[in-house]
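Okay, structure first, notes after.
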Amino acid sequence: MGNVSSGLGVAKAGGRGAPQLRYVARQPIFDRDEKVFGYELLFRNGIENCFSGDKDEASRSTLDSSLLLGLDVLCDGRHAFVNCTRDTLTKGLVTLLPPSLTIVEILESVPADPDVLEACQKLKQQGYTIAVDDYVAGDPRESLAKIADIIKVEMQLTTEEQQAELIQQFASRHCRMLAEKIETHAEFLRARDQGFVYFQGYFFRRPEMLSTRDMPAHRLHYLRMLQEVSRPDLDIPELEKLIKAEASVCYRLLRYLNSAMFSFSREIHSVKHALSLLGEHDVRRWVRLVAAVGAGQDKTSDLVLSALVRGRFGELLAPSVEHGESDLFLLGLLSLIDAMLEMPMESVLERISLDHETKAVLLGKPSALRPVYQLMLAHESGEWEAAAELSTGLHLDGDQVAGHYWQAEQWAREISVGE
C-alpha cells in the first residue's frame, strides 16, 4: 500500500440496516502529469466488515447505492483502489462496488492460487481493473501479475536494475506500472523517466525550496495577505488593497460570500462591501482561506484539499478540545503552507504573527496542540489505532470524530469546486 493520504471518516451510509462505514482513509495516486488519477481506500475494519450480512439482490442494491454515493465524495469521481483479501475476491464481495469506478487491489498476502486466479478472471470479464500490490523482483505471484492491469512496485524494496527489469517484463504486455513510496520530487522524476505511469508517495507534499528572490510574485502576494490578517489590529483599507491587487483572490472571496453558505439577501459585488459585511473574525478566516488556496493553485489539487480538510476538521473539533487562544482552523490550513509556497516552514512562520502553541506544533516542537494535530494526521493516513488512542486521550468519542472528518471532507470539496 501507499504511504500518503488524505483521510476521511465516513458517516453511516445507506440508512437503517446498512453497514456503518465510519472510518476510511484515502491515499492519492498521481499520473505522469502529477494529476490525481485515483485514490487507494483503506477501511478501518476491512471491506469484509463493510459487506457482512445478507447478500440477496435487495441488500446488494442498497449497498451498491450507498457505497456509490460514498465513492463520489471519497474519490471525487476518480478511480477507487480497494484493498482486497482472498475472501473479498473469492466470495465476490468487491462486486458490490461499481466496476466503472473500482480498481481491485490485491494485497501482497493473497496467494496466486487457482481460486484467486479464477476470481480475478471473472472480475476482469465484468469490467473491473486488477492491480497487484507491493510487487518485488522474484515475486511468487507472477501468474497473478500476468493477468493484472496495474502492477504496484515497492520502490524501497527493489533496486533500479530490478525496477527496470519489471518494467521490461510487464509494461511490454500493456500493463501499467505504479511506483510506490515516492518520497521526493527527484524520485518522482527518476521513476517517470524509468517508464512508470502512476505514482504514490509523499513527494507532492515536500516543498521544492526556492530562494525568496526567486519566488513568483503572486506567491509573495499571498504571503503578504497572510501577514496582514495576522496583525493584532486589522487594517481594512490595506487589506482591501491587497485583495484587489490579485484578481483570483477577489473572485474567490466574492464567490464564497455569494454562495449558499452565507445566504446574504443581495449579491455582493465589491471587496469593500464584502469586508464590511463580515465581522473581524470572519474577515481573518476567509482571507486566510483564499490566500492559502491561492498559494496552492499551481500545485496538485489534493494538496489544497488536504489543507482545507485539516482546517475545517480542526474547527469542528474546537468546541470539544482545549486549545487556549489558538485557532484550530488556522493550524490545519497552514500545516501544508510550506509545500504550497515552496518555502521552509520556519521562513513562512517568521513572516506571520501566530500564537506560540500553533507555531511550535507546525515546527515540530513540543506544544499543547500536538495531540490535536496528531489526530488530524492519524485520520488522514488511516492509522486507526493511533486515532482511537488520541481521541480517548482528548476525551472525544471516536465515532463523532470520524463524523467530523467526513463533514470536513464534504465542506472542503464544496469549497474547492471550480478552483
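The values are calculated or read from the model by the stated rules, or taken from the named source; none is laboratory data. Note that the structure is a prediction, hence the values are computed from the model and not measured. All Cβ positions, glycine included, derive from the backbone under ideal geometry; neighbour counts span all protein chains shown. Keep in mind that these areas ignore ligands, DNA and RNA; they rest on the heavy atoms of the full protein, side chains included. Shrake-Rupley method; radii C 1.70, N 1.55, O 1.52, S 1.80 Å.
Mind checking which pairs have a first residue in region 324-336 that is on the phi < 0 side of the Ramachandran plot and a second that is of a type in the set (Val, Ile, Thr) and open to solvent by less than 10 Å² (accessible area, probe 1.4 Å), Cβ under 6 Å, 6 or more apart or different chains?
These pairs meet every condition: 326/358; 331/358.
Residue under question is residue 367, and the condition is that it be in contact (Cβ under 8 Å) with a residue 60 or more places away in the chain, out of contact with any Gly (no Cβ under 7 Å at 6 or more places or on another chain), more than 15 Å from residue 316 (Cβ to Cβ) and not in a helix (DSSP H, G or I); does it hold?
no
Okay, residues lined up against (1) surrounded by 13 or more Cβ atoms within 10 Å (Cβ to Cβ); (2) modelled with pLDDT under 85; (3) among the aromatic types (Phe, Trp, Tyr); (4) out of contact with any Lys or Arg (no Cβ under 9 Å at 6 or more places or on another chain):
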residue: 229; (1), (2), (3), (4): yes, no, no, no
residue: 241; (1), (2), (3), (4): no, no, no, yes
residue: 254; (1), (2), (3), (4): yes, yes, no, yes
residue: 274; (1), (2), (3), (4): yes, yes, no, yes
residue: 294; (1), (2), (3), (4): yes, yes, no, no
residue: 299; (1), (2), (3), (4): yes, yes, no, yes
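Would you point out the residue of region 196-224, among those that are in a helix (DSSP H, G or I) and more than 17 Å from residue 336 (Cβ to Cβ), that is modelled with the highest pLDDT?
First, the residues of region 196-224 that are in a helix (DSSP H, G or I): 202-205, 212-214, 217-224.
Next cut, more than 17 Å from residue 336 (Cβ to Cβ) only: 212-214, 217-218, 220-221, 224.
Values: 212: 42, 213: 43, 214: 48, 217: 59, 218: 67, 220: 76, 221: 79, 224: 84.
Restricting to residues being in a helix (DSSP H, G or I) and more than 17 Å from residue 336 (Cβ to Cβ), the top hit is 224.
Condition first: open to solvent by less than 50 Å² (accessible area, probe 1.4 Å), without any contact (Cβ under 8 Å) to a residue 12 or more places away in the chain, among the small types (Gly, Ala, Ser) and in a helix (DSSP H, G or I). Can you find one or more residues in region 277-290 that meet it?
no
Checking the conditions here, which among 309, 290 is modelled with pLDDT of 90 or more, touching a helix residue (DSSP H, G or I) at 6+ places or on another chain (Cβ under 9 Å) and closer than 20 Å to residue 414 by Cα?
The unique qualifying residue is 309.
Filter the helices (runs of 4 or more DSSP H) completely within region 313-360 down to those with at least 1 residues that are closer than 19 Å to residue 223 by Cα and of a type in the set (S, T, N, Q). Before the answer, list the steps.
Details: elements: 328-334, 337-341, 345-350.
Because the criterion is at least 1 residues that are closer than 19 Å to residue 223 by Cα and of a type in the set (S, T, N, Q), the helices (runs of 4 or more DSSP H) in region 313-360 that meet it are 345-350.
Is it true that some residue in region 340-349 is modelled with pLDDT under 95 and within 17 Å of the chain's Cα centre (by Cα)?
At the first step, the residues of region 340-349 found to be modelled with pLDDT under 95 are 340-349.
Restricting the remaining residues to those that are within 17 Å of the chain's Cα centre (by Cα) gives 340.
Yes; the residues of region 340-349 include at least one that is modelled with pLDDT under 95 and within 17 Å of the chain's Cα centre (by Cα).
For region 337-382, name all the residues that are among the polar types (S, T, N, Q) and more than 19 Å from residue 324 (Cβ to Cβ).
Of region 337-382, the ones among the polar types (S, T, N, Q) are 347, 353, 358, 367, 374, 381.
Selection gives 347, 381.
What's the number of the only condition in (1) modelled with pLDDT of 80 or more; (2) touching a Phe, Trp or Tyr at 6+ places or on another chain (Cβ under 8 Å) that residue 11 fails to meet?
Residue 11 satisfies every listed condition except (1).
Keeping to region 350-401, report how many residues are at pLDDT 95 or above, of a type in the set (Ser, Thr, Tyr) and open to solvent by 60 Å² or more (accessible area, probe 1.4 Å).
1
Output the residues belonging to region 373-419 that are part of a helix (DSSP H, G or I), under 18 Å from the mean Cα position of the chain (by Cα) and β-branched (Val, Ile, Thr).
Listed by number, the residues that qualify are 401, 415.
List every residue pair whose Cβ atoms lie under 7 Å apart, where the two residues are 6 or more positions apart in sequence or sit on different chains, the first residue falls within region 226-238 and is part of a loop (DSSP other than H, G, I, E, B), and the second residue, located anywhere, is loosely packed, with under 15 Cβ neighbours inside 10 Å and acidic (Asp, Glu).
Listed pairs, sorted by first residue: 234/280.
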